[in-house]
Structure formats: C-alpha cells, structure tokens
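See structure below.
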Amino acid sequence: MKKILISGAAGFLGSHLSDRFIKEGYHVIGMDNLLTGNIQNIEHLFPLKEFEYYHHDITKFVHVPGKLDYILHFASPASPIDYLKMPIQTLKVGALGTHNMLGLAREKNARILVASTSEVYGDPLEHPQSEEYWGNVNPVGPRGVYDEAKRFLEAITMAYHTFHKVDTRIIRIFNTYGPRMRVEDGRVLPAFFSQAIRGEGLTVFGDGSQTRSFCYVDDLVEGIYRLLLSDYNKPVNVGNPDECTILQFAQEIIDLVGNPNAYIDYRPLPEDDPKVRQPDITKARNILGWEPKVPRAEGLLRTYEYFKTVVI
Ligand SMILES: NC(=O)c1ccc[n+]([C@@H]2O[C@H](COP(=O)([O-])OP(=O)(O)OC[C@H]3O[C@@H](n4cnc5c(N)ncnc54)[C@H](O)[C@@H]3O)[C@@H](O)[C@H]2O)c1
C-alpha cells in the first residue's frame, strides 16, 4: 500500500485530498496544527485504519516513522483574512514548513507536490496568466506575506529538485471553492453565501467589474492527482478559465439562494486587490489531459447544500 503524507489535511483542500487518496487505496497520514483548519473536516476518516492523524506544526522538525512514497504539502493560511491576521505564521509555514517537508521528502526518497498559488502572479500585467509570466508582486504590500512565501516555496522546491535531485511537483492553484470552506474565512464565496442566506448585503468591492475564475474542488483534486502521478517538474496552473465579474458572481448567488432581503452592498476597493485573474491552462490540458468538468451553476448548487447546513 502506497503511503502519502498530507500537510494541512484538516483544511478545505487537504481534507478533500485525504478523501481522494483514501478512495484510491493509499495509506494517508494527515498532518495539521489546526491553525486555520477544522478537525470536523476529517473526523469521518478517524475510524479508518488507512488514516492516521498527526497533530503537528510543520515549521518545527517533522519526523514520520517508516517509509513514505508521496508528500502533498498544503499547510498554509490561504485566505486574505487569515494571512493578514497571521503574517509571521504564513511566512514561516511557506519558508520553514516547506524546508522541513522537502527535507522529509529527501530523507524518505518520496515524491513531493507543493501547493503554490495564482497569487505568485500578483496583480498581473498579462492576462490570462501562463506559467511563463513572472508576476507583478508588491513584496511589502498587505498580500506580500502570502505571495512572497509562495514564491519562496517555489524557489526552494526547484532548488531541492536541481541540487538534491528530489522528485518535485509544483501546482499553482487558482481560486477554488466547494464544501468545507470556512464560513468566516473572508474569501468571496463563503462571504457571499452567508450574506445571501442571512438576507444581508453582499459586499462587492469597487464597482464589481474585477474578474475572478472559480474552480470546483473535485476538479482541482483531479488536477492534483494527475500532476502528482505525472513526470513534470515545472509549475503547472490548475484552475477554471471560465471568468466572471464579481458583480455577476454575487448576482448568481443571490438568485440561487433566493432570499428576497439580499442585496449588493458596494464598498471601496482594498489596496492591491487584483483586477483580473484567469488561468491559462494550456499546460494542464497538454501535459495532464486535464480540464475542469463541473460548470459553475452545478458547483455552486453543491456548495450551497453545504453552506445551508453551517450558516446560522
Ligand atoms: N483554496 C484555494 O482557493 C487556494 C488557492 C491557491 C492556493 N491554495 C493553497 O492550498 C493550500 C490549502 O489551502 P486551503 O484553502 O485548504 O486553506 P485552509 O486554511 O483551509 O487549510 C490550510 C491548512 O493548513 C494548516 N496549517 C497552517 N499552518 C500550519 C502549520 N504550521 N503546521 C501544520 N498545519 C498548518 C491549517 O490548520 C489548515 O488546516 C494552501 O497552501 C494554500 O496556499 C489554496
């Protein structure tokens, strides 16, 4: 049985990855310190003998007994609210945590896939963003702690690959959504759903003409699975190129939820808010034979089923 370590396993993406790898017949070690995660996301896995949970801060030395075939490194605060509140932890997990995970991969001769982000492109001057674009990041802006931590993560991962010959994969994840996102994590989708369900104003920054593209979590997990099993070492964008304006997105959620009291509440645009964000997924299509399958209407419906149960 193949053994895989997933850092950040109690988080939104880590918990879906744990489910997927259990389903594929792997032994999964989920590692987390619950900084932004929720143990309820993986509670259903605790009775399984194929699942182990290690409560551990990966910025500290990481020890795992026995063999390890794969590592998925997903631990990191990921929403702007989280990394603005925890800037030092964000930088530490991106730098020291990634260093520890790469060291473990080297020791165990395990293949490691690290979670990077579309935020490495910053406020992009190229649209859509291909992997060859180097980005437009303000290192000392409010998002700098996250963006630069992830840029460091990519740099040290490539260094371990070229210098120590560690078998590495880098995924650049674009906005992903689905069940198990935290209601109060400050990202646009949980915010819109909770505001629409409660019949409040949906907070739209600026005039809402800034664009985003949203990928349903099952599609992303499939992309991660394929990249891990591929032999490609350079960064690969995975996301859904189906772009929409924030205003359109808010309206879709208002229509889906159907609370007559919900409305659009316009607010001033925050500093460094990216104006456009759309992945160029040519590489993922060509190298992984991957593309998103779940249309936004379907993904939003599945996500609404979850938020109905958690929004009070
Ligand atoms: N969700 C997205 O749309 C998205 C987009 C781009 C990149 N990513 C990346 O994917 C990864 C997971 O994101 P998510 O949305 O699931 O976020 P999340 O906050 O739900 O999950 C992150 C998990 O990492 C854990 N963690 C944080 N610091 C840790 C530490 N020092 N030691 C051990 N565990 C620690 C948290 O407790 C949490 O369970 C992150 O690396 C994030 O940067 C996510």
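Using 0.36 nm per residue, how much length does the chain from Arg267 to Val310 gain when fully extended, once their Cα-Cα distance is taken away?
Going from the current span to full extension adds 12.9 nm.
I'd like the Karplus ³J(HN,Hα) series for the stretch 222-232: coefficients 6.51, -1.76, 1.60, θ = phi - 60°, whole numbers in Hz, and an x wherever there's a Gly or Pro.
Running phi through 6.51 cos²θ - 1.76 cosθ + 1.60 with θ = phi - 60° gives 5, x, 5, 4, 5, 5, 4, 8, 7, 10, 9 Hz.
Find the accessible area per residue for the chain; the probe is 1.4 Å, ligands and nucleic acids are left out, and the unit is Å².
That works out to 43 Å² for each residue.
Using helices alone, what [θ] at 222 nm do you get for the chain, with -39,500 (n - 2.57) per DSSP H run of 4 or more residues, divided over all residues and rounded to the nearest 500?
Per the formula, -10500 deg cm²/dmol.
With all pairs of different alpha carbon atoms counted, what Kirkwood hydrodynamic radius in Å does the chain show?
Here the Kirkwood hydrodynamic radius works out to 19.7 Å.
Mind checking the log10 I(q)/I(0) for the stretch 156-312 at q = 0.11, 0.20 Å⁻¹? Debye, one equal scatterer per Cα, no solvent, two decimals.
-0.50, -1.22
Could you work out how much longer the chain between Glu243 and Asn259 gets when fully extended? Use 0.36 nm per residue separation minus the Cα distance between them, nm to one decimal.
3.2 nm
Tell me, how many Å apart are the Cα centres for the stretch 194-219 and for the stretch 1-61?
The stretch 194-219 and the stretch 1-61 have Cα centres separated by 29 Å.
Can you tell me the dipole magnitude for the stretch 162-279 around its Cα centre, using point charges on the Cβ only (Lys, Arg +1; Asp, Glu -1), in Debye to the nearest 20?
420 debye
Might you report the magnitude of the Cβ-based charge dipole of the stretch 57-148 about its Cα centre, with Lys and Arg at +1 and Asp and Glu at -1, to the nearest 20 debye?
560 debye
Within the stretch 228-312, which trypsin sites (Lys or Arg not before Pro) sit in a loop by DSSP and count at most 14 neighbouring Cβ atoms inside 10 Å?
Those that pass, being in a loop and sparsely packed, are Lys275, Lys293.
Cross-link candidates for Lys293: which lysines have Cα within less than 29 Å, leaving aside residues fewer than 8 places away along the same chain?
Within the straight-line cut-off, Lys293 pairs with Lys2, Lys3, Lys23, Lys150, Lys234, Lys275, Lys283, Lys308.
Which sequence of Met86, Met101 reflects their accessible areas, 1.4 Å probe, from the largest down?
The most accessible residue leads, giving Met86, Met101.
Quick check on the chain: of the DSSP beta bridges with both residues there, what percent are antiparallel, nearest 5%?
10 percent
Dipole magnitude of the stretch 19-72 about its Cα centre, charges +1 at Lys/Arg Cβ and -1 at Asp/Glu Cβ only, in debye to the nearest 20?
Result for the stretch 19-72 is approximately 100 debye, rounded to the nearest 20.
What percentage of the solvent-accessible surface of the chain, computed with a 1.4 Å probe over protein heavy atoms, is contributed by carbon and sulfur atoms?
55 percent
At 1.4 Å probe size, put His63, His27, His56 in order of accessible surface, largest to smallest.
My answer, sorted largest first, is His63, His56, His27.
Return the loop-located GluC sites (Glu not before Pro) in the stretch 266-312 (DSSP other than H, G, I, E, B) with at most 16 other Cβ atoms within 10 Å of their own Cβ; answer none if there are none.
Counting only loop positions with at most 16 other Cβ atoms within 10 Å, the GluC sites (Glu not before Pro) in the stretch 266-312 are Glu271.
Report Rg(Cα)/(2.2 N^0.38 Å) for the stretch 48-124, keeping two decimals.
Compared with the compact-globule rule of thumb, the stretch 48-124 sits at 1.23.
Along the stretch 120-129, what does the Karplus equation 6.51 cos²θ - 1.76 cosθ + 1.60 (θ = phi - 60°) give for ³J(HN,Hα), rounded to whole Hz, x for Gly and Pro?
So the J values, rounded to whole Hz, are 5, 7, x, 8, x, 9, 10, 8, x, 8.
The values are calculated or read from the model by the stated rules, or taken from the named source; none is laboratory data. Fair warning: this is a prediction, and the values are worked out from it, not measured in the lab. FYI the Cβ positions are ideal-geometry reconstructions off the backbone, even for glycines, and counts take in every protein chain you see. Keep in mind that these areas ignore ligands, DNA and RNA; they rest on the heavy atoms of the full protein, side chains included. Shrake-Rupley method; radii C 1.70, N 1.55, O 1.52, S 1.80 Å.
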